[in-house]
Amino acid sequence: MEKIISLCKRRGFIFQSSGIYGGISGCWDFGPLGVELKRNMKNDWWYVFVQQRDDVVGLDASIIMHPDVWVASGHVAEFHDMLVDCKECKHRFREDELGGDRCPDCGGELTAPKAFNSMLKTRLGVSDDSAVETYLRPETCQSIFVDFKDVYSSSRMKVPFGIAQIGKSFRNEVNPRNFIFRSREFEQMEIEFFCREEEEDHWFAYWQEAIRQWYLDIGLRDEKLRWYEHPKEILSHYSKRTTDIEYEFPFGWGELQGLANRGAYDLTQHARHSGKDLKFFDQQSQENFVPSVIEPSGGVDRTCLAVLCNGYHEEEVEGDTRVVMRLHPRLAPIKAGVFPLVKKEGLAEIAQDLESGLRKKFNTFYDQAGAIGRRYRRMDEVGTPFCICVDFQTKDDETVTIRDRDSMGQVRLKMDEVADYIGKRCSSERN
Ligand code: GAP
């Protein structure tokens, strides 16, 4: 894990937030390469689960909502961790993460557990007496429930259908840890899929398979994925059934995405608290009913971390250690490195021209500094799937070499075929 964290910092994937002030626990910044990786991932998810489907539409709702939302959703009453403090060293722990009844750090006596709400409070309004106290959302889905009627009537969707959203969520985690795995500010990608109660099991099984397939499609290895079924006693207050897809990180198995059957809980709660009718009217059967909800709820940051851990490899090449990030070409921050073999004899100009043409279509990187082998290695380390080299033969026949990051094999192509060659391999389109 240390090697991955260090590469992320050194090459501009992820930095500690507010680093020059000593950092702030549980907050992270995605640097120039990290932001590209994250965007590519979110775009692929959106492409697969929203744009390619006629039964899912999108939403981008406000992070700050009416405080009553969080009363209705059950978060004010239920969204807390039970915490204990050590009476000796004063360290604080989540009760459910303790192995025994003594302090894991110093062996001291522990206090009785106390409930600590995990939502981050904020105030809206300028003067003290008129300001409204509310929360930064701890999950993106509540706005989907609150906007349910506006969305389905404006888009003329009919049950079964889904509403998807990607956005920031905030939780005052007691122990942010494992790099970006557990943060206080993070992004979620969620779908609330509305169906009839009698079809809950069908859609649960459907989404379980769809989620797994997406993780495989972005390159995660099958043997590193598993399902964890929540026992009834630990189900969240809203859930009838939850199963998590977990990835085997270097620090152990960890949840990437939860799949929950929320039944009619949320729409019923919001209807009761707002006094508004949130039933769905089925024109065909002339029935009015509150639909059930199947919810795939994933973490963007956690998936980025899984992709980075999954991609990181070290291998011996000609007596040297090659560090290579085997990112799926679709996710890679830079799609192609373009190099002249040497700077002289017009090769640099040809390579620059080629690079500026390709840049119109993908994120590319031009490099003429140092030995060609070193330039390849710099691109390997950040997961660039293709490196294009302009050499002396290019001047004769307008061909270049394309080196594949993983096999290190090379093919020769006409310069005007390069964009198509790379585009096909980086596209989100599935075969
Ligand atoms: N709406 C349901 C919900 O929020 P959750 O299991 O609490 O369910 C869903 O969260 C996903 O959000 C998790 O599977 C995880 O990927 C991500 N997530 C939750 N808390 C997180 C945290 N503190 N840091 C990073 N990601 C987190």
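The values are calculated or read from the model by the stated rules, or taken from the named source; none is laboratory data. None of the values given here were measured: they were computed from a predicted structure. Ideal geometry is used to build each Cβ from the backbone, glycine not excepted, and the neighbour counts take in all protein chains shown.
Would you confirm whether any residue within the range 93-113 is of a type outside the set (Val, Ile, Thr), closer than 30 Å to Glu192 by Cβ, at pLDDT below 95 and within 13 Å of the ligand (Cβ to nearest atom)?
So far as the range 93-113 goes, yes, one or more of its residues are of a type outside the set (Val, Ile, Thr), closer than 30 Å to Glu192 by Cβ, at pLDDT below 95 and within 13 Å of the ligand (Cβ to nearest atom).
Is it true that Gly74 is surrounded by 15 or more Cβ atoms within 10 Å (Cβ to Cβ) and on the phi > 0 side of the Ramachandran plot? Give the derivation first.
Values: surrounded by 15 or more Cβ atoms within 10 Å (Cβ to Cβ): yes; on the phi > 0 side of the Ramachandran plot: yes.
Criteria met by Gly74.
Quick check: is even one residue across the range 59-71 touching a Phe, Trp or Tyr at 6+ places or on another chain (Cβ under 6 Å) and within 27 Å of Val159 (Cβ to Cβ)?
Looking for residues that are touching a Phe, Trp or Tyr at 6+ places or on another chain (Cβ under 6 Å) and within 27 Å of Val159 (Cβ to Cβ), one finds at least one in the range 59-71, hence yes.
Just give me the residues in the range 72-95 being in a strand (DSSP E or B) and not charged (D, E, K, R), in sequence order.
Scanning the range 72-95 gives His80, Met82, Leu83, Val84, Cys86, Phe93.
From Met119, Met189, Met157, which residue is more than 16 Å from the ligand (Cβ to nearest atom) and modelled with pLDDT of 90 or more? First the steps, then the outcome.
Working: Met119 fails: more than 16 Å from the ligand (Cβ to nearest atom); Met189 fails: more than 16 Å from the ligand (Cβ to nearest atom).
Exactly one of Met119, Met189, Met157 is more than 16 Å from the ligand (Cβ to nearest atom) and modelled with pLDDT of 90 or more, namely Met157.
Of these, Ala348, Ala306, which one is within 16 Å of the ligand (Cβ to nearest atom) and surrounded by 13 or more Cβ atoms within 10 Å (Cβ to Cβ)?
Ala306
What strands (runs of 3 or more DSSP E) completely inside the range 185-250 contain at least 3 residues that are within 28 Å of Cys426 (Cβ to Cβ)?
185-195, 241-249
Got a sec? Which of Gly252, Gly258 is loosely packed, with under 12 Cβ neighbours inside 10 Å, over 20 Å from His328 (Cβ atoms) and not acidic (Asp, Glu)?
Details: Gly258 fails: loosely packed, with under 12 Cβ neighbours inside 10 Å.
Among Gly252, Gly258, only Gly252 is loosely packed, with under 12 Cβ neighbours inside 10 Å, over 20 Å from His328 (Cβ atoms) and not acidic (Asp, Glu).
Go through the range 239-267 and give me each residue that's of a type in the set (Asp, Glu) and either out of contact with any Gly (no Cβ under 7 Å at 6 or more places or on another chain) or more than 12 Å from the ligand (Cβ to nearest atom) (or both). Give the steps one after another, and end with the answer.
Looking only at the range 239-267, we keep the residues that are of a type in the set (Asp, Glu), and these are 244, 246, 248, 255, 266.
Of everything in the range 239-267, those that are of a type in the set (Asp, Glu) and either out of contact with any Gly (no Cβ under 7 Å at 6 or more places or on another chain) or more than 12 Å from the ligand (Cβ to nearest atom) (or both) turn out to be Glu248, Glu255, Asp266.
For the structure I just gave you, tell me whether Arg102 is surrounded by fewer than 18 Cβ atoms within 10 Å (Cβ to Cβ), under 30 Å from Ala210 (Cα atoms) and without any contact (Cβ under 8 Å) to a residue 12 or more places away in the chain.
No.
Might you check whether a residue that is touching a residue at least 12 places away in the same chain (Cβ under 8 Å), closer than 29 Å to Gly34 by Cβ and among the basic types (Lys, Arg) occurs anywhere in the range 413-429?
The initial filter retains those residues of the range 413-429 that are touching a residue at least 12 places away in the same chain (Cβ under 8 Å), namely 413-416, 418-419, 421-423, 425-428.
Right, trim to closer than 29 Å to Gly34 by Cβ and you get 418-419, 421-423, 425-428.
If we keep only those that are among the basic types (Lys, Arg) as well, we get 425.
Looking through the range 413-429, at least one residue is touching a residue at least 12 places away in the same chain (Cβ under 8 Å), closer than 29 Å to Gly34 by Cβ and among the basic types (Lys, Arg).
Taking the range 192-238, which residues are under 23 Å from Gln269 (Cβ atoms) and away from the ligand (no atom under 14 Å from the Cβ)? Quick ask: steps written out before the conclusion?
Let us first name the residues in the range 192-238 that are under 23 Å from Gln269 (Cβ atoms), namely 192-201, 203-204, 207, 230, 232-238.
Correct list: Phe194, Cys195, Arg196, Glu197, Glu198, Glu199, Glu200, Asp201, Trp203, Phe204, Lys232, Glu233.
For the range 144-184, which residues satisfy the criterion of being over 19 Å from the mean Cα position of the chain (by Cα), assigned to a helix (DSSP H, G or I) and touching a residue at least 60 places away in the same chain (Cβ under 8 Å)?
If the condition is that a residue be over 19 Å from the mean Cα position of the chain (by Cα), assigned to a helix (DSSP H, G or I) and touching a residue at least 60 places away in the same chain (Cβ under 8 Å), then Phe145, Val146, Phe148, Lys149, Val151, Tyr152, Ser155 are the ones that fit.
Take the range 124-144 and flag every residue that is away from the ligand (no atom under 16 Å from the Cβ), in contact with a Lys or Arg (Cβ under 8 Å, 6 or more places away or on another chain) and among the hydroxyl-bearing types (Ser, Thr, Tyr). Lay out the reasoning, then the answer.
Narrowing the range 124-144 to residues away from the ligand (no atom under 16 Å from the Cβ): 124-134.
After this cut, where a residue has to be in contact with a Lys or Arg (Cβ under 8 Å, 6 or more places away or on another chain) as well, the list is 131-134.
Scanning the range 124-144 gives a single hit, Thr134.
Results for (1) within 25 Å of the chain's Cα centre (by Cα); (2) within 20 Å of Asp68 (Cβ to Cβ); (3) modelled with pLDDT of 95 or more, shown as yes or no for each residue.
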site	(1), (2), (3)
Glu248	yes, no, yes
Gly254	yes, no, yes
Ala260	yes, no, yes
Asp266	yes, yes, yes
Gln283	no, no, no
Pro291	no, no, yes
Ser297	yes, no, yes
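Contact list please: Cβ distance under 6 Å, first residue in the range 318-334 and within 24 Å of Arg39 (Cα to Cα), second residue part of a loop (DSSP other than H, G, I, E, B) and charged (D, E, K, R), pairs at least six apart or on different chains.
Arg326/Asp406
Do we find a residue being within 29 Å of Pro250 (Cβ to Cβ) and not in a helix (DSSP H, G or I) anywhere in the range 41-61?
No, there is no match, as no residue in the range 41-61 is within 29 Å of Pro250 (Cβ to Cβ) and not in a helix (DSSP H, G or I).
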